[in-house]
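For reference, the structure discussed in these notes is given below.
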Amino acid sequence: KMKNTNTSIPQHLEFLPPKILPGATVLSSYPRSGNTLLRSLLERITNIVTGSDTRPDRTLSKALAVKHDLVGEGITNYKRAPIIKTHFPERRGYMMYNATRIILLVRNPYDAIDSYWNMCCTNTHTDSVTEEIYDMYEEMF
């Protein structure tokens, strides 16, 4: 047990090892709302793998595992990944599972929809379409 040597921190708030609560915590958002960024931050800060209810054999899931080091794609067992990404109710995941808590991630809908359209056009999490493509579909946007 570490001794609290900082007098500005109350004695009862001594540093304790993190405690993982039982049951899954769902990280839910509309696609392209910052889920990957938040998962990456959570994994690096806590050193805990985050899961996902997306099929791990999909191209975009493989890219997350390889390019963004999110190795929990397809894991919905909270003992292996206590935080599980989902886009429910926008879509159902490939596996059913129980959850006891939720983190709801919200982004400006206009930005999320534009980002989602870029992902659908490029089939990547990082590339964007050119201005010419926007001009070509201007009437639809």
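Of all residues in the stretch 29-37, none satisfies being over 15 Å from the mean Cα position of the chain (by Cα) and without any contact (Cβ under 8 Å) to a residue 24 or more places away in the chain. Of the residues in the stretch 57-72, none is modelled with pLDDT of 90 or more, surrounded by 15 or more Cβ atoms within 10 Å (Cβ to Cβ) and either among the acidic types (Asp, Glu) or over 14 Å from the mean Cα position of the chain (by Cα) (or both).
Restricting 76, 86 to those that are within 25 Å of residue 120 (Cβ to Cβ), within 12 Å of the chain's Cα centre (by Cα), surrounded by 18 or more Cβ atoms within 10 Å (Cβ to Cβ) and of a type in the set (Val, Ile, Thr) reduces the list to 86.
Checking the structure you have, find out if any residue of the stretch 49-62 is in contact (Cβ under 8 Å) with a residue 60 or more places away in the chain and of a type outside the set (Lys, Arg). There is at least one residue in the stretch 49-62 that is in contact (Cβ under 8 Å) with a residue 60 or more places away in the chain and of a type outside the set (Lys, Arg). Filtered by the rule that a residue be loosely packed, with under 15 Cβ neighbours inside 10 Å and touching a Pro at 6+ places or on another chain (Cβ under 8 Å), the stretch 24-47 gives a lone residue, 46.
Confirm whether residue 14 is modelled with pLDDT under 90 and in contact with a Phe, Trp or Tyr (Cβ under 7 Å, 6 or more places away or on another chain). When the stated conditions are applied, residue 14 does not pass them. Take the conditions closer than 18 Å to residue 24 by Cα and at pLDDT below 90 and apply them to residue 119. Does it pass? No. Residues that are in contact with a Lys or Arg (Cβ under 9 Å, 6 or more places away or on another chain), over 13 Å from residue 28 (Cβ atoms) and not hydrophobic (A, V, I, L, M, F, W, C) within the stretch 70-98 comprise 72, 73, 74, 94, listed in sequence order.
A count restricted to the stretch 89-136 and to residues that are open to solvent by 40 Å² or more (accessible area, probe 1.4 Å), under 22 Å from residue 37 (Cβ atoms), under 18 Å from the mean Cα position of the chain (by Cα) and among the hydroxyl-bearing types (Ser, Thr, Tyr) stands at 2. Residues in the stretch 19-48 that are modelled with pLDDT of 95 or more, touching a helix residue (DSSP H, G or I) at 6+ places or on another chain (Cβ under 8 Å) and aliphatic (A, V, I, L, M): 27 alone.
The values are calculated or read from the model by the stated rules, or taken from the named source; none is laboratory data. It should be emphasised that the depicted structure is a prediction, and the values quoted were computed from it without experimental measurement. Cβ atoms come from the backbone with ideal geometry, glycine included; neighbour counts cover every protein chain shown. Side chains are part of the model used for accessible areas, which takes the heavy atoms of the whole protein and leaves out ligands, DNA and RNA. Shrake-Rupley method; radii C 1.70, N 1.55, O 1.52, S 1.80 Å.
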